[in-house]
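In what follows, a single structure is set out as structure tokens and then discussed.
The values are calculated or read from the model by the stated rules, or taken from the named source; none is laboratory data. Computed from a predicted structure; not experimentally measured. Note that we place each Cβ from the backbone using ideal geometry, even for glycine, and neighbour counts take in every protein chain shown. For the accessible areas, the whole protein counts, side chains as well, though only heavy atoms, and no ligand, DNA or RNA atoms are used. Shrake-Rupley method; radii C 1.70, N 1.55, O 1.52, S 1.80 Å.
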Amino acid sequence: MPPFAMIAFFLFLALLLILDIAMLVSLIRPGDERRMMIVWKASTWTLIGTMGSLVINTVECIVRGQKLCVNPFVTLSVAAMFYFVYLLYYRKKYGG
């Protein structure tokens, strides 16, 4: 693998790790009612998206007759990406 590809891969992994940590900090940090509503809405849509992808993956594996295999890091990373997209959307919508 070329060195540029390795550097890009490790930068992407670092970005995912930062998103995961930032998601946890965002959920734990207290705030006013408006901020809590924004976090609740972002969390709700993230949960719906994550559960939807897990259901689709489960049905696909059952139909194909394969064993269930879900990578927890990938699931967590995609959930963190969903969360921050929704968080940015609701912050812009409700001001923040």
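Key figures
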quantity	calculated
Residue in the stretch 11-42 that is nearest to residue 69 (Cα to Cα), counting only those that are modelled with pLDDT of 90 or more and buried (at least 16 other Cβ atoms within 10 Å of the Cβ)	42
Residues being open to solvent by 90 Å² or more (accessible area, probe 1.4 Å), among the charged types (D, E, K, R) and either outside any loop (DSSP other than H, G, I, E, B) or in contact with an Asp or Glu (Cβ under 7 Å, 6 or more places away or on another chain) (or both) - total across the stretch 55-74	1
Qualifying position, being in a helix (DSSP H, G or I) and not β-branched (Val, Ile, Thr), among 52, 31	52
Residue pairs meeting the criteria (Cβ under 7 Å; at least 6 apart or on separate chains; first within 13 Å of residue 87 (Cβ to Cβ), in the stretch 12-39; second surrounded by 11 or more Cβ atoms within 10 Å (Cβ to Cβ) and of a type in the set (D, E, K, R))	38/91
Residue under evaluation residue 89, criteria (1) of a type in the set (Ser, Thr, Tyr); (2) modelled with pLDDT of 90 or more; (3) open to solvent by less than 80 Å² (accessible area, probe 1.4 Å), criterion not met	(3)
